[in-house]
Amino acid sequence: MPETIEIKQKSEAGIGRKILTIGIVVILIALGFLVGFSVGKGMIFLEDSRIALVNREKKTSVDFGLFWQVWDIINEKYSGKSDYQKMVYGAIEGMVGALNDPYSIFMDPDMTKEFMGSLDGSFGGIGAEVAIRKDQLTVVAPLKGSPAMKAGLRAGDVILAINDEDTAEMSLGKAVSLLRGEPGTEVRVLIQRNGRRTAFEVKIKRDTIQVESVTYEKKANRIAYVEFARFGDDTEEKFSQIADQIQKDGCKKVILDFRNNPGGYLDTAVAIVDLFLDEDIIVKERFGDGTSKVFKGEKGTKFSRDFKIVVLINKGSASASEIVAAALKDYDMAYIIGEKSFGKGTVQDLEEFSDGSSLRLTVAHWLTPKGNDINEKGIEPDKVVKMSDKDFENNRDPQLKEAIDYLRKL
């Protein structure tokens, strides 16, 4: 999680439609763990007599007997004080973790609050999207201007330890909670970077992270430069306004910068592409049961094919940003410059529960308009331009320079 992770509510491609049935089943299974055996125990009263959990009808052949044996042993023999609510959350987290899916995660109320704050564009932490990639805690993207970026973290960095705590078997939720914290406090991360033989430690002072989802700058030669940091609640409206301003400024050449953009709402990504494509397929969702859903443009375009468009991507471009880049690439609407993208081709639903907790669950894969599955593969740029260590150290941007040079020649 994307320190933040993406959702689908709005569908993700990162948050999308809410599947109430799944949410109910998940939470009832978890509560069923605490209810007791279906026959014989009926109703179980915990140490606090105000808490009573009632059993529910079994709709699976799974035997929960072992779980209840352990639960009872803890209640009878554990010498410390039991926190039943934490035990419930721990059981659910373990159940979701057993899916072995890096993007499915259960979040307790505190984590959910932080997560939703990150989508709103303001939260406390180091300002980096992280995910489990090939069983390693990996930086998807440091957010622009964040403590993580200022400290030198880069997309693709593997976090081996957080404050000396090994991340090898750490859940994504725990990793996120360790990276988050009060502004002004410090966190130490042990980093393994591709190309370096030895790991190195980075100290990062947490801060309040506030991110503008999309910004616009008119550059020389009437080139419009639009930088997308994320796909949040306000991105569609802001980019629509930017599109109008680009027209007023007489710009016919546009750079869309999705570098270090970890994604966000699928619906927002679809709306952005809709401004470029007219009634064409934007993205396809493929579900586990073999069914699929197609998203098409429907609002009308603001950018005709007379516009010359360059899209910038790198290792930190993931999910929703990949949806936009892939759609424009498939329809030959844009020339792609930079490095291969992250490769997150799955869709998560976000279920929010009455106690403030939530579940992000992978429900589908998304495919490009041409039917390509980019999951764990990424999008290959039309022209590869890499950022060297010296480029980072000297604040040089050869990728952006290449994009401007390309458009000037058209």
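Would you mind calculating the relative contact order of segment 203-313 from Cα pairs under 8 angstrom and at least 6 residues apart, reporting the percent as a whole number?
25
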### Message
I need to check one value: relative contact order of segment 176-224, counting alpha carbon pairs closer than 8 Å and at least 6 residues apart, in percent.
### Response
32
### Task
Mind pulling up the Rg/Rh value for segment 305-350? Radius of gyration and Kirkwood radius, both on Cα.
1.02
### Task
Please arrange THR346, THR362, THR215 by counting, for each residue, the other beta carbons lying within 10 Å of its beta carbon, fewest first.
THR215, THR362, THR346
### Candidate lysines - alpha carbon under 28 Å from LYS86, same-chain residues fewer than 8 apart omitted
LYS8, LYS18, LYS41, LYS58, LYS59, LYS77, LYS113, LYS174
### Query
In what order do TRP366, TRP68 fall by count of nearby beta-carbon atoms within 10 Å, going from fewest to most?
TRP68, TRP366
### Message
With θ taken as phi - 60° and the coefficients 6.51, -1.76 and 1.60, list the Karplus ³J(HN,Hα) couplings across segment 318-329 in order, rounded to whole Hz; mark glycine and proline as x.
### Response
9, 6, 4, 5, 6, 4, 5, 4, 5, 5, 5, 5
### Query
So what does the Cα-only Debye profile of segment 122-210 read at q = 0.12, 0.19 Å⁻¹, as log10 I(q)/I(0), no solvent term?
-0.30, -0.78
#### Entry: Relative frequency of Cα-Cα separations exceeding 28 Å in segment 214-408, percent
24
#### Entry: Rounded D (µm²/s) - segment 357-410, Kirkwood Rh over Cα pairs, Stokes-Einstein at 20 °C, 1.002 mPa s
143
### Value of relative contact order over segment 122-210, rounded to a whole percent, pairs C-alpha under 8 Å and six or more apart
34
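What ranking of LEU361, LEU266, LEU160, LEU99 emerges when the number of other C-beta atoms within 10 Å of each C-beta is taken as an exposure proxy, fewest first?
Least crowded to most crowded, the residues run LEU99, LEU160, LEU361, LEU266.
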### Per-residue HN-Hα couplings for segment 81-94 [Karplus 6.51, -1.76, 1.60; θ = phi - 60°; Hz; x = Gly/Pro]
8, 8, 10, 4, 5, 5, 5, 4, 4, x, 5, 5, 4, x
### Task
List the residues whose amide H sits under 5 Å from the amide H of ASP257, counting only those 5 or more places along or on another chain, with H placed 1.01 Å from N in the peptide plane.
VAL226, GLU227, PHE228, LEU312
#### Entry: Antiparallel %, DSSP beta bridges [both residues in segment 218-362], to 5
45
## Note on the structure
Given the candidates LEU359, ILE223, ASN260, the one whose Cα lies deepest towards the positive end of the charge dipole of segment 214-408, counting +1 at each Lys or Arg C-beta and -1 at each Asp or Glu C-beta, is ILE223
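No value in this document is a laboratory result; all are computed from the given coordinates. Remember, it's a predicted structure, so these values are computed and weren't measured experimentally. Don't worry about glycine lacking a Cβ; one is built from the backbone with ideal geometry, like all the others, and counts go over all protein chains shown.
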